[in-house]
Structure formats: C-alpha cells, structure tokens
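Just below is one structure, and these are the notes that go with it.
Please treat every number below as a calculation from the coordinates, not as lab data. Keep in mind it's a predicted model, so treat the numbers as computed, not measured. Here Cβ is always computed from backbone atoms with ideal geometry, including for glycine, and neighbour counts include all displayed protein chains.
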There are 2 protein chains.
Amino acid sequence: VTRIELVALPGIPRVESGDDLAALITAAARTAKIELGGGVLVVCQKIVSKAEGRTVALAGVEPSARAREIASEDDKDPRHVEVVLRESIRIVRRGHRVLICETPHGFVCANAGVDLSNTGAPDTAVLLPKDPDASARALRGSLLATHPGPLGLVISDSFGRPWREGQVDVALGCAGFAPIDQRTGSHDLDGRALMVTAPASADQLAAAAGLLMRKDAGTPVVWIRGLELVGDGTLRDTLRDASLDLFR
Amino acid sequence: VTRIELVALPGIPRVESGDDLAALITAAARTAKIELGGGVLVVCQKIVSKAEGRTVALAGVEPSARAREIASEDDKDPRHVEVVLRESIRIVRRGHRVLICETPHGFVCANAGVDLSNTGAPDTAVLLPKDPDASARALRGSLLATHPGPLGLVISDSFGRPWREGQVDVALGCAGFAPIDQRTGSHDLDGRALMVTAPASADQLAAAAGLLMRKDAGTPVVWIRGLELVGDGTLRDTLRDASLDLFR
C-alpha cells in the first residue's frame, strides 16, 4: 500500500439512546458519495455508548464514602468518581488528580473511560460500551447488509499515555481484520527475521482517524480507504496479559 | 479538516552515513509528482540515524560485566545490551526478556531504541538520533529551500506500549507545528469547556504514517496532505515531566 485516504463522514447528527448507528452512517456515507468497501470505518466510542444507552445521570448517583474521599482530595465531582469506581476493577495509579483505572475489559486508562464532555446533556456521564468488540461486530454486520465490503470496523477513544502529554486515539473494539499485524516469519530488507515486529494496526487506524475527530469538530466517524485488510480477530488480541505486563 | 491523504514516497534508496536526506526526499517527491507544501512529512528514525552516522559496529563493542549478565539472563547479544546500556540513563523496567530504558532525550522505550533490524549491515546497531528535534528542524529547513511549504516534519519510530501488544509509531522529533494541539479554552458541542483535551498531533501523525511504513516495505517517508498546521514547538513539549509521571 502506498496511498491511503481518510474522510470524516459529514452530517452525523447527535446520537441518542436507541439510535440506529448503521442507518446514520449509511446516510452520511451516501451524502459524501462514499461506498463503504475496501477500507476501515473508525467510529468514536462516544456515539456507540450513547446509542447503546451507556449513560448515567449524575443526579441519581449516590457517592460512596471512598468516592467522596477521592473527590474531596482531588477536587472532583464525587458522583463522577463514584461512576468511575463502579466501572473499574482496580485503580492502577492515583496521583496528580489523575485516576488511572483498569476496566473490566482490560483497558488501563484515566477515569475508566467515563467522560463528562460531549455527553449531550448536563450532568451526564458516558461510560465505555460493555463489549466494544461485540459492538464493532454488530455494527459491521449491519453495514455489510447494504455496503459492498470488505469492511474493517474500529471503535476508538482518546487515551492519555504514560511518559507523554496529550491524548492519542486507541482502539477499544474492532471487527473484520487482525488488530495486530503479525510479522513473525517475515524479513526486513537485509533478510534478517523480524521476530518482534507486530504493528498494532487497529491502534494505528484509531490514531490516524483521531486527526479528523477533534472533540469540537462533530465528526465522530472517519472512513479510511486504500488499506488491505488482513486476518481477523478482536481487539482483545491487543491487550497484554497482566502476567506479562511490566506496568500493572 | 474533513479529508487527508497519506502517500508513501516511492524509491527512497538505502541510506548511508553522510547521505543528504533532503535531496533524496526531494527526488522521491518529484518522481511521485508531490509538492511538499501544506502538509506534514513523516520520516522514519532509521534513515535519519543512518544519515547522521548513528550506527555502531558490534564487533568493536566490549560488553561490560553488567551487559554480559543481562544478556546471559535474557538470552541476548551482550554487545547489543552494552550499546543499549550506553544509550540509557536509567532502566525503567526489566522482565520477560524486555529492557525498558529511559534515554537521555527522555524517551521511555524498549532497548533505548537501539535496533538491529534494517541496519544495512550485519552486526550493526542503529541508535536514535542525538537530538531528533534538531534533526527535524534541519531537514525541514533544507526542504523549505526548494519546496513551497508550509511544511511540518516528524521523525518517527515504532514503540511498544504498556498494557497493549504490538507497536505503534510515535514522534521522536518534530518541527513546523505544535506537537500537542492545546484545546484549553475551547468547548465541546454542549458548550462545556474542554479543559484536558489536548490531542498529541505529532504522535497521531506518526501513528498514521506507520500504516504505510511496514518494516518490510522499504517506505521510510510518508507525506500527509490536507492538514492545517497550527502553532509551533518541539517534540520535547510532548514529554511529561518525570515529577508528574505515575509510571516512572
């Protein structure tokens, strides 16, 4: 592959619980005269969560003593912290007013991915999808009913990183291709075996789409055209086993 | 921005110490009929290091006792480990035959970025550039002498990550734009202030280019067209201060 193109689908409306994302995306693709085939669609987690009703009204949240304690120390909304704790299986690090959590999916991220921005309503928290791989698979299946394919699908979110400031989009779920492009057995240009080279394609695609998904832009869906899709798998294949991890 | 394009520049030859990268890139861009203006050029660290002579012949490396000890325990080449230790200011983690080092630049990565693949010669290690921001600035300056600009420049490398398998390309150096797209003061679609949203543009660009920079592809330079370049800065702006870091 020597050339790829990224297009932000225009006119995706605000998404509400129960909305049919496949229909919204199909309409947007038609407007942009894009046939969803031979590429990867990257969809922002926020609209997937909203469509799935994964939101919590903070007014109805009763913070635990632990949530109130953290909120007080870190100057946060105790109801937000309570939701974060409920969405976490473990706090990996805490400090500098940042709460790095491990989610039931196995993601390690700030606030267990619970977000208060672009929620569509005041005092509403948006949670991560319950099973982003399943969400990606279902959305891909719906789209393939009316589009030619082949089609890869990535659900992405902006995560902070250790050691570096700023956020980069990573994949939370995927379908239709292998999220890790295993090169074991291939060779570099000197003929040296590339034993440990395994580009994390799903995360690279998410990061690339992030260039067109600024939070104030209203473009939560990006179409990436021109890539060859190889293999199959779920995003879980990307998550390192805790026993092999040096930072947990 | 609603559309961007990535093109791998064709025909970049093997790079040797002392090669003029700007001339090689200019020739490749001409072949591809690309005018380097209004976009960002992402250049793989490997060819920058080679052009700068940042290679070490392992035959001349005398491993220290510490390097021999690590190499023996981890089944590695002691001369490689020795070079890694020389390029590190600190070992951040060690385990599972992986050596996570902090480099003098402030990067935290496996083997201090010292690489044995695609080195162009057997038993040769390629080091990271001494000052990748300076390398980016110099290369950009040379290119702007014969290209219209505006031009952003990123020097990228593939890094592993905590918690996730596989590698994603990140920026080691940049010039001509702000590597962190500060959004403090901007608002989300609900009018809620986006206090902590700061996309790491340089890293997103590196990751995107990585989609076209597979190690076996021989395409170490990718042109990204259609982005608006904002601000200015060096990649150092992306490195989190150690005192604020929760994973060091």
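Observations
- Nonlocal amide H pairs with A:Phe159, under 5 Å, H built at 1.01 Å: A:Val168, A:Asp169, A:Val170
- Residues whose amide H falls under 5 Å from that of A:Leu99, counting only those 5 or more places apart or on a different chain, are A:Asn111, with hydrogens built in the peptide plane.
- For B:Gly152, the amide hydrogen comes within under 5 Å of the amide hydrogens of B:Gly39, B:Val40, B:Leu41, counting only partners 5 or more places away or on other chains and with H modelled in the peptide plane.
- Look at the stretch B:239-247: the mean tally of other chain Cβ atoms within 10 Å of its residues' Cβ atoms is 5.
- Rg over Rh for the stretch B:5-112 works out to 1.11, using Cα positions for both radii and the Kirkwood form for Rh.
- Rounded to whole Å, the principal axis extents of the Cα atoms in the stretch A:116-184 read 39, 37, 18, largest first.
- Divide the volume of the convex hull around the Cα atoms of the protein assembly as shown by the residue count and you get 137 Å³ per residue.
- By other beta-carbon atoms within 10 Å, ranking B:Cys101, B:Cys109, B:Cys174 with the fewest at the front produces B:Cys101, B:Cys109, B:Cys174.
- Ranked from shortest, the separations from the 7 Å Cα-to-Cβ label point of B:Pro10 to its equivalents in the other copies are 3.2 nm.
- Peptide-level mean, for B:220-228, of C-beta atoms on other protein chains within 10 Å: 2
- Each residue of the stretch B:233-240 was assigned a 3J(HN,Hα) from its phi angle through the Karplus curve 6.51 cos²θ - 1.76 cosθ + 1.60 (θ = phi - 60°); the sequence is x, 10, 4, 3, 4, 8, 7, 6 Hz, with glycine and proline shown as x.
- Taking a straight line from the alpha carbon of B:Lys46, these lysines sit under 20 Å away, with near neighbours fewer than eight places off in the same chain left out: B:Lys130, B:Lys215.
- For chain B, calculated [θ]222 nm from helices alone, where every DSSP H run of n ≥ 4 adds -39500 (n - 2.57): -7000 deg cm²/dmol
- Degrees, to the nearest 10: A:21-31 long Cα axis against longest axis of chain A: 50
- Nearest-first distances (nm) between copies at A:Val98, label 7 Å from Cα via Cβ: 1.9
- Ordered by the count of other Cβ atoms within 10 Å of each Cβ, fewest first, B:Asp237, A:Asp203 give B:Asp237, A:Asp203.
- Those aspartates and glutamates that a straight Cα-Cα span of less than 15 Å connects to B:Lys50, excepting residues fewer than 8 apart in one chain: A:Asp190, B:Glu16, B:Asp19, B:Asp20, B:Asp115, B:Asp123, B:Asp131, B:Asp157
- Coupling constants for the stretch A:97-107 follow from the phi torsions by the Karplus curve (6.51 cos²θ - 1.76 cosθ + 1.60, θ = phi - 60°), and in residue order they are 6, 10, 10, 9, 10, 9, 8, x, 5, x, 6 Hz; glycine and proline get x.
- Calculated label separations, A:Asp77, copies of the chain, 7 Å along the beta-carbon direction, nm: 5.5
- Semi-axes of the equivalent ellipsoid of chain B are 31, 25, 14 Å, computed as sqrt(5λ) over the eigenvalues of the C-alpha gyration tensor in descending order.
- In this calculation the C-beta distance from A:Thr146 to A:Ala217 is compared with R0 = 35 Å, giving a FRET efficiency of 0.85.
- Using C-alpha pairs under 8 Å with a sequence gap of at least 6, the mean separation divided by the residue count of chain A gives a relative contact order of 26 percent.
- Ranked by the mean number of other Cβ atoms within 10 Å per residue, highest first, peptides B:119-131, A:125-137 order as A:125-137, B:119-131.
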